[in-house]
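Just below is one structure, and these are the notes that go with it.
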Amino acid sequence: MVFINENFTRLEDSYLFSTIAKKRAAYQAAHPQAKVISLGIGDVTRPLCPAVIDAMTAAVADMGRAETFHGYGPEQGYDFLKQAIIEHDYQARGVEISPDEIFISDGSKSDTGNIGDILATANVVAIPDPVYPVYVDTNVMAGREIKMLPTDATGGFCAVPPAFHADVIYLCSPNNPTGTVLNRAQLAAWVAYAQREGALILFDAAYKAFIADDTLPSSIYEIPGAKDCAIEFCSFSKTAGFTGTRCAFTVVPKTLFGQTAAGEKVSLNALWNRRHTTKFNGTPYIVQRGAAAIYTPEGQRQVRETIAYYRENARLIKETLTELGFTCFGGEHSPYVWLQAPAGQTSWEFFDLLLEKLNVVGTPGSGFGPSGEGYFRLTAFGSHEQTAEAMQRFRQYFGK
Ligand code: PLP
């Protein structure tokens, strides 16, 4: 028999969303009349905007004509999309990125999960807690030593540089699940740490479109020195409703280096280029045309409208819960509101209470790491009507 990668046996079972689904289904089966509202899963619900649909429709037509047909494209992505990204996401914020530093992909989940391919197993990895579980699981699969960076209410659920050494640090801003965003000074402290320790920052900006305050950094490269120590992951999933369409990009600056055990300096851009072109054959032409359309004036207006729609839900959730006396984080620069369960309740106890008494489904914070225990995540990705109805139920149950 073949030998397996035993690191997989060290993974903790990921029961979070399957347990939520099972509990919800069991409740619904026992109470067929109940109108259960889900503010749980981090998936978008608004359709793709017209500019994206028009561009993808035109691209489908391109594929049907010999003169405009596209077969395998460049694995790293088409220039038309890279140029749009450079201009709008970087030059507009004073950051210079060149096309060969951008790698278009099918998602930030794949990229944040696969980036470890180019990094040695011996690297010590630091991961904030609570956070998007993919970082921990993919490093367990690789057999790396992980040091958690617990965050709490006192520190506003923002990870700060630790006293110990780490070789690789994951940062997620705005954070999933806490919705908190790192400001310029906090990010600068991380860049200084990376410079001091010779560490690499893996910066996940999947939710950057939700940053409402233009003075907050939406790219780590807005911090001087970051191009020498950080890789950035961006996605069209939450920015433009591409969770089912699949398109993202990763920036690996050419000024970024690692070393061999013998001390030889190696370009991380060259390594990722090799990895990406060997294991990935490019995001579909039709999808890249759709992604590029969000950077047209029409596309920009339309995706901003959708973000504003979700942001209004987040505002309503946060305002209502705060009024009811809950301690809340996030919700301003993020589609997630992170709230503390009533005193003494675990995340799952609070989940059960909301399901049974309010018929509202959310996500227990403990599913995102040990420091999430006692907390709970609600998302703004529902409809206005359902969000308002859910908040009404909170008022009825928790209002004095
Ligand atoms: N990064 C974070 C922090 C996320 O929360 C998610 C999805 O929920 C992703 C990445 C995945 O993005 P994509 O849809 O591009 O794979």
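For the stretch 220-279, which residues satisfy the criterion of being among the small types (Gly, Ala, Ser), open to solvent by 30 Å² or more (accessible area, probe 1.4 Å) and at positive phi? Selection gives Gly263 alone.
Within the stretch 141-153, residues that are on the phi < 0 side of the Ramachandran plot have Cβ atoms under 9 Å from residues that are open to solvent by 70 Å² or more (accessible area, probe 1.4 Å) and of a type in the set (Gly, Ala, Ser) in these pairs: Arg144/Ala122; Glu145/Ala122, counting only partners at least 6 apart in sequence or on another chain. Of the residues making up the stretch 331-359, just one is open to solvent by 10 Å² or more (accessible area, probe 1.4 Å), more than 16 Å from Pro370 (Cα to Cα) and touching a strand residue (DSSP E or B) at 6+ places or on another chain (Cβ under 9 Å), namely Asn359.
Residues that are out of contact with any strand residue (DSSP E or B) (no Cβ under 6 Å at 6 or more places or on another chain) and away from the ligand (no atom under 15 Å from the Cβ) were ranked within the stretch 168-189; the one that is least open to solvent (accessible area, probe 1.4 Å) is Leu187.
Test Ala61 against the criterion of being closer than 11 Å to Ala292 by Cβ, out of contact with any Lys or Arg (no Cβ under 9 Å at 6 or more places or on another chain), assigned by TED's automatic domain parsing to the domain that holds Leu268 and open to solvent by less than 70 Å² (accessible area, probe 1.4 Å), and give yes or no. No; evaluated as a whole, the condition is false for this residue. Here is the figure for the stretch 282-314: residues that are among the aromatic types (Phe, Trp, Tyr), open to solvent by 10 Å² or more (accessible area, probe 1.4 Å) and assigned to a helix (DSSP H, G or I) total 2. Met56 meets the conditions (1) farther than 13 Å from Cys247 by Cβ; (2) of a type in the set (A, V, I, L, M, F, W, C); (3) surrounded by 15 or more Cβ atoms within 10 Å (Cβ to Cβ) in every case but one. The failed one is (1). Strands (runs of 3 or more DSSP E) fully within the stretch 88-167 that include at least 1 residues being open to solvent by less than 40 Å² (accessible area, probe 1.4 Å) and small (Gly, Ala, Ser): 102-105, 124-129. Taking the stretch 116-148 as the range and being more than 27 Å from Ala261 (Cβ to Cβ) and of a type outside the set (Phe, Trp, Tyr) as the test, the residues that pass are Pro128, Asp129, Pro130, Val131, Pro133, Val134.
The values are calculated or read from the model by the stated rules, or taken from the named source; none is laboratory data. Just so you know, these numbers come straight off a predicted model, no measurement behind them. For neighbour counting, all protein chains shown are included, and Cβ atoms are generated from backbone atoms with ideal geometry for every residue, glycine included. Side chains included, ligands, DNA and RNA excluded: accessible areas come from the protein's heavy atoms. Shrake-Rupley method; radii C 1.70, N 1.55, O 1.52, S 1.80 Å.
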